[in-house]
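Undergrad: Got a structure here, written out as structure tokens. Questions coming.
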Amino acid sequence: MKNDTDRWALFGAAPAFDRKLHVGQPNVGDRAYFMERLERILDLRWFTNHGECVRELEAELCRYLGVDHCIAVCNATIGLEIAIRALGMEGEVIVPSLTFVATPHALQWQQVVPVFCDVDERTHLLDPARVEALITPRTTGILPVHLWGRACQVEALAEIARRHRLRLLFDAAHAFGCSHGGAMVGGFGDAEVFSFHATKFFNSFEGGAIATNDAELAGRVRLMTNFGFAGYDRVVHIGTNGKMTEVAAAMGLASLRAVDSFVATNLRNHLGYRRGLEGLEGVELLGFDAAERNNYQYVVVEYTPAPGGPTRDDLVDLLWAENVMARKYFWPGCHRMEPYRTLYPEVASRLPATEAIAERLLVLPTGTGVDERDIASLCALIAAMLAQGPALRERVEAQRAAGA
Ligand code: T4K
């Protein structure tokens, strides 16, 4: 990092970091193991369709998560779509808007109406009381998201689902390796869907898994993942192509061999941010329940500008200019994205917490691509920016007005 924190790259100086720091730069697991498996895949000439790597990954995931069934899929979006269909969700399904757009898309793609529900302003998670208030005769399910890897109020949601005879499917894209009440996320509700996308701390390049303890559901999901084939020339179900490739599964196995070290790195980074951001006015780092297992894969800050001080968007622009590719996940909320803003324009008024949180969020780089010195420098950079207060806000505005 350069020393002169007074001259931001936005204003023509060199960036503070000489490489880009990403929120989602992939972790690489056991590289030697991966290469070995890759050679074997090529030798065997078995590339997909539930090969040995996929079978091994599914078995290892079952053990790791403590669930009976795990079906590997090509990505979590398709995984959600398959699970939604396999569970018979139709009509309306209640879902948060504070999530990646894949969550409501998986519903809308299948003509199921995503009924956006507000979250708890403190936890960012679906608020069970608000869920119950949105149930109508057309509601068939609830699709909560374990946002940032923090588990939802699983018991309260399960109780609502039971009372109203609704399906309960968790979007666990962020929550691989996390626990709730001491039990690993994966076994809650009817099913849970994980993402192993490149940007997730545990990745299989692209990929995901549907976890469940329901044998019948698992059978249906497996059929649907493979076009509904129950054997050669025998189709018993509508299905799609949701299969994970062998090379993806090999990467998943390599990631699994490094999962504890990834978590340790994320925790070290999280603690580094906690130290570095402590005491900065308007900056609140989201914490995790130390009694649970966490993956710490998202460093989430809620930023409330001081009067006249730099806004959240100013900070993002300033950080990008310094090669810190901070993100505004999940601004502005799915309900403000198409097609939802056109289809359901009235819902914004019932999502005050979502709207307020989305304006404050700032997600910072972590993972194995970032070290403690980067984090200390980055925190110092943010502190220096905030110390400039309204003067910096004015400079950013002037720079924007000049069209830079
Ligand atoms: N539900 C939830 C709650 C989710 O968050 C997601 C996905 C899903 C469902 C669906 O899961 P998948 O169908 O994807 O399995 C990224 C990811 O694409 C997405 O998987 C993830 N959530 C979401 C939170 O983030 P983008 O478009 O914001 O990421 P992108 O491409 O800008 O990548 C982030 C950063 O990582 C970039 O600054 C560059 C860096 N990067 C990215 C890739 C792919 C690398 O350095 N190397 C890479 O290979 O969505």
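The values are calculated or read from the model by the stated rules, or taken from the named source; none is laboratory data. Just so it is clear, the model here is predicted, and its values are computed rather than measured. Glycine gets a Cβ as well: all are built from the backbone with ideal geometry, and neighbour counts include every protein chain shown. In case anyone asks, the SASA skips ligands and DNA or RNA and just uses the protein heavy atoms, side chains included. Shrake-Rupley method; radii C 1.70, N 1.55, O 1.52, S 1.80 Å.
Undergrad: Considering only residues that are closer than 15 Å to Pro365 by Cβ and part of a strand (DSSP E or B), which ones fall in the range 287-322?
TA: Val299, Val300, Val301, listed by residue number.
Undergrad: A further question on this structure: Yes or no: Ala106 assigned to a strand (DSSP E or B), in contact with an Asp or Glu (Cβ under 7 Å, 6 or more places away or on another chain) and aliphatic (A, V, I, L, M)?
TA: Against the criterion (assigned to a strand (DSSP E or B), in contact with an Asp or Glu (Cβ under 7 Å, 6 or more places away or on another chain) and aliphatic (A, V, I, L, M)), Ala106 does not qualify.
Undergrad: Test each condition in (1) under 22 Å from Cys70 (Cβ atoms); (2) buried (at least 19 other Cβ atoms within 10 Å of the Cβ); (3) within 20 Å of the chain's Cα centre (by Cα) for Tyr273 and report the one that comes out false.
TA: (1)
Every residue, every condition in (1) aromatic (Phe, Trp, Tyr); (2) touching a Lys or Arg at 6+ places or on another chain (Cβ under 7 Å); (3) not in a strand (DSSP E or B), yes or no:
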site	(1), (2), (3)
Leu98	no, no, yes
Gln110	no, yes, yes
Phe116	yes, no, no
His124	no, no, yes
Arg130	no, no, yes
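Undergrad: Pick from the range 71-86 the residues that are surrounded by fewer than 24 Cβ atoms within 10 Å (Cβ to Cβ) and over 19 Å from Val54 (Cα atoms): which of them is nearest to the ligand (Cβ to nearest atom)?
TA: Among those that are surrounded by fewer than 24 Cβ atoms within 10 Å (Cβ to Cβ) and over 19 Å from Val54 (Cα atoms), it is Glu81.
Undergrad: Considering each residue of the range 245-286, count those that are outside any helix (DSSP H, G or I) and in contact (Cβ under 8 Å) with a residue 12 or more places away in the chain, and give that number.
TA: Count: 10.
Undergrad: Could you list, ordered by first residue, the pairs with Cβ atoms under 8 Å in which the first is in the range 344-370 and within 19 Å of Pro104 (Cα to Cα) and the second is among the hydroxyl-bearing types (Ser, Thr, Tyr), at least 6 apart or interchain?
TA: These pairs meet every condition: Val347/Ser97; Val347/Tyr340; Leu351/Ser97; Thr354/Ser97.
Undergrad: So which residues in the range 226-250 are more than 20 Å from Arg85 (Cα to Cα), of a type in the set (A, V, I, L, M) and surrounded by 21 or more Cβ atoms within 10 Å (Cβ to Cβ)?
TA: Within the range 226-250, Ala248, Ala249, Ala250 qualify.
Undergrad: Which count do you get for residues in the range 308-323 that are in contact (Cβ under 8 Å) with a residue 60 or more places away in the chain, more than 16 Å from the ligand (Cβ to nearest atom) and open to solvent by 10 Å² or more (accessible area, probe 1.4 Å)?
TA: Residues flagged as in contact (Cβ under 8 Å) with a residue 60 or more places away in the chain, more than 16 Å from the ligand (Cβ to nearest atom) and open to solvent by 10 Å² or more (accessible area, probe 1.4 Å) within the range 308-323 amount to 2.
Undergrad: Please identify the pairs in which a residue from the range 183-206 that is over 19 Å from Leu87 (Cα atoms) and within 7 Å of the ligand (Cβ to nearest atom) has its Cβ atom under 6 Å from the Cβ atom of a residue that is open to solvent by 10 Å² or more (accessible area, probe 1.4 Å) and of a type in the set (S, T, N, Q), counting only partners at least 6 apart or on another chain.
TA: Glu206/Asn75
Undergrad: Quick one: would you say Ala133 is surrounded by fewer than 18 Cβ atoms within 10 Å (Cβ to Cβ) and under 21 Å from Glu90 (Cα atoms)?
TA: Taking the combined requirement at face value, the residue satisfies it.
Undergrad: Here's another thing I want to ask about it. Can you tell me how many residues within the range 170-182 are within 8 Å of the ligand (Cβ to nearest atom) and not in a strand (DSSP E or B)?
TA: Residues in the range 170-182 being within 8 Å of the ligand (Cβ to nearest atom) and not in a strand (DSSP E or B): 2 in total.
Undergrad: I need a count of the residues in the range 88-106 that are surrounded by 24 or more Cβ atoms within 10 Å (Cβ to Cβ) and of a type in the set (A, V, I, L, M, F, W, C).
TA: Qualifying residue count for the region: 5.
Undergrad: Inspect all residues belonging to the range 338-354 and state whether any of them is within 15 Å of the ligand (Cβ to nearest atom) and either in a helix (DSSP H, G or I) or of a type outside the set (A, V, I, L, M) (or both).
TA: yes
Undergrad: For the range 324-333, indicate whether the set of residues that are assigned to a loop (DSSP other than H, G, I, E, B), of a type outside the set (S, T, N, Q), within 16 Å of the ligand (Cβ to nearest atom) and open to solvent by 70 Å² or more (accessible area, probe 1.4 Å) is non-empty.
TA: yes
Undergrad: State the number of residues belonging to the range 284-307 that are open to solvent by 10 Å² or more (accessible area, probe 1.4 Å) and either more than 30 Å from Val185 (Cα to Cα) or out of contact with any Leu (no Cβ under 7 Å at 6 or more places or on another chain) (or both).
TA: 16
Undergrad: Could you please let me know if Leu57 is within 16 Å of the ligand (Cβ to nearest atom), open to solvent by less than 30 Å² (accessible area, probe 1.4 Å), touching a residue at least 40 places away in the same chain (Cβ under 8 Å) and in a helix (DSSP H, G or I)?
TA: yes
Undergrad: Another question about this same structure. Return yes or no: is Leu217 assigned to a helix (DSSP H, G or I) and free of Cβ contacts under 8 Å to residues at least 60 places away in the same chain?
TA: So Leu217 does not fit the description; no.
Undergrad: Residue check, Tyr232 against (1) at positive phi; (2) modelled with pLDDT under 95, all met but one. Which one?
TA: Checking Tyr232 against (1) at positive phi; (2) modelled with pLDDT under 95, the one that fails is (1).
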